[in-house]
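First comes the structure, then the notes that go with it.
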Amino acid sequence: MTSSPYNLNNADVCARYQALWEAAPARTVFASLRYAKTIGEAFGLDSSIHFCEDDTALLLHTKGSGPLRRVIVPPLTQYSALLLCKPTSAHLVHRQTSPLDHLLKHIEQKTRRADLLVKLNDPRTAQWRGWDVRPLFTYMIDLPSNTDDWSEGARRTWRSKTSKYKIQEDPRYLRQIIDLCVKSYERHGRRMPGKPAALETIVTAMGPWARTFAAIRNNTVEGGLVILHDDRTAHYWIAGSIPGPAMTVLIGEVLTILHTSGIAKFDFVGANTPSIAEFKRTFGPVLTQYYHLQRRPQIHFGR
């Protein structure tokens, strides 16, 4: 049911995968070949494509070799590259013969450690195969954004502070935005995934699918945002700001710009840290769910 793995240098395979990606109703830029090749080169990953029948594919990134080989979610990657082009019949899920069953079985035969981040309506397939399944959440906005749906505080800040800032889309601000993002992570006691130089390389390689915006006041970049998109959905990808109103103003302006560009949805890329989730909530988004599927070696203790 599941094909042998194909590498990303096979033109025929990539054309087949590209056709599935374009047809998949829930595709993301993170499942695109452009992103897969870029992220794989930046972080030294082995990448491979697996097909199940004619309408399902999974693009995996792996690290290590032999018993240390593992399937990973690369840094900065919100969703794994799972393409499901049609709904799965419930009877196949119950029989454990669904396309996802076959793909997970294929992973199990290749490695004992694996992580996937996937949007699924039904995660029981993974649970019944013994994978750990943890729900995660993100906030989504259908564009155009309606400021009437924002919190009173966000609406007031945006209206009163917009004139104080100049919003510019310009890749020349990329390094300053990455530095702001690093500091934002540090304020939350975390380390930003990926080194700044690698992030610059990735953003540049993504070309027009990565858009760089800055909020500037008094000739200082106070907030910045790199949007990753696939012409359908935009993702709040690399972001950072000086504490204050800059990010609220920037998001408000960027949402309008994205809608004008023809983008239909905005994904805030996670709502799993309380303070960060609360900031994102103020823009009136809808909470949506996805899943972390994790496979770890079974540990057996002798008597």
Which order do 169, 222 take by accessible area at a 1.4 Å probe, largest first? 169, 222
So if R0 is 30 Å, what FRET efficiency would residue 147 and residue 179 give, r being the distance between their Cβ atoms, rounded to the nearest 0.05? 0.50
Solvent-accessible surface ranking, highest first, for 85, 52 at 1.4 angstrom: 85, 52
Here the equivalent ellipsoid of region 1-156, derived from its Cα gyration tensor, has semi-axes (largest first, whole Å) of 28, 20, 17
Probe 1.4 Å, heavy atoms of protein chains only: per residue, the accessible area of region 184-264 in Å² is 42
Using Cα atoms only, what is the angle between the long axis of helix 246-260 and the major principal axis of the chain, expressed in degrees (0 to 90) to the nearest 10? 70
So how far, in whole Å, is the C-alpha centre of region 1-32 from the one of region 84-147? 17
Which percent of the accessible heavy-atom area of region 69-179 goes to carbon and sulfur, probe 1.4 angstrom? 44
How big, in percent, is the set of alpha carbon pairs in region 130-223 lying more than 15 Å apart? 74
Which entries in the list 166/195; 86/119; 161/183; 37/86 go over 19 Å, if you measure between the two C-alpha atoms of each? 166/195; 161/183; 37/86
Based solely on its DSSP helices, what 222 nm [θ] is calculated for the chain when runs of n ≥ 4 H residues each add -39,500 (n - 2.57) and the sum is averaged over all residues, nearest 500 deg cm²/dmol? -10000 deg cm²/dmol
So for the chain, considering every pair of alpha-carbon atoms, how many percent are separated by more than 38 Å? 17
Report the residues of region 74-94 in range of a label on residue 265: point 7 Å along Cα→C-beta, backbone N strictly under 13 Å from it. 79, 84
For region 53-129 (alpha-carbon point model, no solvent) the Debye-based log₁₀ I(q)/I(0) at q = 0.12, 0.20 Å⁻¹ works out to -0.35, -0.93
Roughly how many Å² of residue 110 are accessible to a 1.4 Å probe, to the nearest 10? 120
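The values are calculated or read from the model by the stated rules, or taken from the named source; none is laboratory data. What you see is a predicted model, and the numbers here were worked out from it, not measured in a lab. Neighbour counts are summed over all protein chains in view; Cβ atoms, including those assigned to glycine, are modelled from backbone coordinates with ideal geometry. Just so you know, the surface numbers come from the protein's heavy atoms only, side chains and all, with ligands and any DNA or RNA stripped out. Shrake-Rupley method; radii C 1.70, N 1.55, O 1.52, S 1.80 Å.
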